[in-house]
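The values are calculated or read from the model by the stated rules, or taken from the named source; none is laboratory data. Nothing here was measured: the structure is a model prediction, and the numbers come from that model. A quick note on method: Cβ atoms are made from the backbone with ideal geometry, for glycine too, and the neighbour counts reach across all protein chains shown. Just so you know, the surface numbers come from the protein's heavy atoms only, side chains and all, with ligands and any DNA or RNA stripped out. Shrake-Rupley method; radii C 1.70, N 1.55, O 1.52, S 1.80 Å.
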Amino acid sequence: MARILVADDEEGVRSFIAEALEVEGHAVSTAADGDEAARVLARQGVDLLVTDLRMPGMDGLTLLRKVREEQPDVEVIVLTAVGSVESAVAAMKAGAFEYLLKPVGSPAELRLTAARALERRALLNFKTEARQSTGEVVLSWGAPSMAPVVEALRKVAPTHATVLLVGESGTGKEVAARALHQWSERSEGPFVAVNCAALTETLLESELFGHEKGAFTGAVAQRRGRIELAQGGTFFLDEVGELKAELQAKLLRVIQERRFERVGGTRTLEADVRWVAATNRDLKGMMAHGEFREDLYHRLAVFPIRLPSLRERREDLRPLSELLLRRIGEELGRPGLKLSPEASARLDEFPWPGNVRELRNALERAAILADGPVVDARHLWLDPTSAPTPTATPATGARLPDTTLEELERMAIEQAIADEGGNRKRAAQRLGIGLRTLYDKLRRYGMQ
């Protein structure tokens, strides 16, 4: 979740942008003009500023320059009317990440641009932290099931082999990918990740390969894709099992030939990247049903590594919990948070179907509930409905309710969305499916 400030003198535009970004779980503040935005920025930090260029009082360009001077790590997206592209160019020169023409084409376009800006901010912060850090990346604290994983990552890192990371949702596949990057000869290059489930097929193609000006409606300027931005570094394809058939074919060509063209373009570009992919799906099962290309699988699975679930690495649970709680305490402005022995024991007993992601959520809830520096067992809200339970054998003569599989699936989706407060991204994670798969099911059942 990122902190985003939206500055625009039109109330309708502010609401539209805020609602579009809040769907992704971001915390969005709004300001009616540049002066109000400056006051908000003075009293609270933000990760991203979305500002109109023309506003009463302090205009967007002045606000941008003020942000660049006082908070240079904040990314800025500017909004401009069709007739003032020159002003947008001036904003880009002043340090804006991107500009969007008003009216904004769609919420998806806005969310995509915001995601790109936030990713660049995270990438810059990550590279800064990596340069400042002298310690080794820690993937395990002695769990026997993790020893072969770390050894395999160490051995494959110096090579150019494509790596496929397989494991349940929340097992730390992106952390493993980042470790692979840091241990490789490409560590000084960028690490660029794309979540294949978070974008529609059309947007994902443009996101991967970039596009030329005029390639499609809304393509008002040339844009470099993620593959191009990852040149000389590592390109991480998360949830690769969610790729549609047409994009699977295009990705296969890029991996094989190490060349590609932008959408709407004819110039061939080099793809000088190290490929790492990840999935929580059974790709071999998908291949058997014709849902995933066999040739693409073999290109990606040159060096497959399975990441064990948290249930399989219990030895890591306590030190990992302590590390996560320290980070949570720092984020909440309460450093020094610790687990009581009773809380640690309760964490040990839970099956953690959501793995590290679920563990972090449970610790954050507990930290919020705890008044002092010690998190006790009573502060741990562990959701029993998310834990896997054995299937009971029906008694003789008993019969299951007259409910179809479709109805059961619809009920499960409704419950997951309700449990996550309407956040569909977290609902998809709870269900163990990709976000795009969830949207497909919502359309199928008329639940949008």
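Being over 19 Å from Arg116 (Cβ atoms), among the hydroxyl-bearing types (Ser, Thr, Tyr) and surrounded by 18 or more Cβ atoms within 10 Å (Cβ to Cβ) is the filter here, so list the residues in the stretch 30-63 that pass it.
Passing the criteria: only Thr30.
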Original post:
What is the number of the single condition among (1) closer than 19 Å to Gly172 by Cβ; (2) assigned to a helix (DSSP H, G or I) that Pro308 does not meet?
Top reply: (2)
**OP:** Only residues that are part of a helix (DSSP H, G or I) and at pLDDT 90 or above: list them for the stretch 331-356, please.
**Re:** Pro341, Glu342, Ala343, Ser344, Ala345, Arg346, Leu347, Asp348, Glu349, Asn355, Val356
**OP:** Name every residue in the stretch 2-14 that is open to solvent by 60 Å² or more (accessible area, probe 1.4 Å) and not in a strand (DSSP E or B), in order of residue number.
**Re:** Asp9, Glu10, Glu11
Original post:
Does at least one position in the stretch 229-249 carry a residue that is without any contact (Cβ under 8 Å) to a residue 60 or more places away in the chain, buried (at least 21 other Cβ atoms within 10 Å of the Cβ) and assigned to a loop (DSSP other than H, G, I, E, B)?
Top reply: yes
**OP:** Name the residue, out of Ile417, Ile433, Ile413, that is outside any helix (DSSP H, G or I), at pLDDT below 85 and under 22 Å from the mean Cα position of the chain (by Cα).
**Re:** Ile433
Original post:
When you go through Ala27, Ala81, Ala108 one by one, which is the residue that is modelled with pLDDT under 85 and either of a type in the set (Asp, Glu) or open to solvent by 10 Å² or more (accessible area, probe 1.4 Å) (or both)?
Top reply: Ala81
**OP:** Could you please tell me which pairs satisfy a Cβ distance under 7 Å, a separation of 6+ or placement on different chains, a first residue in the stretch 1-15 that is of a type in the set (Lys, Arg), and a second residue that is in a strand (DSSP E or B)?
**Re:** Arg3/Ala27; Arg14/Val6; Arg14/Thr30
Original post:
What is the one condition in (1) under 21 Å from Ser140 (Cβ atoms); (2) open to solvent by 60 Å² or more (accessible area, probe 1.4 Å) that Leu339 does not satisfy?
Top reply: (2)
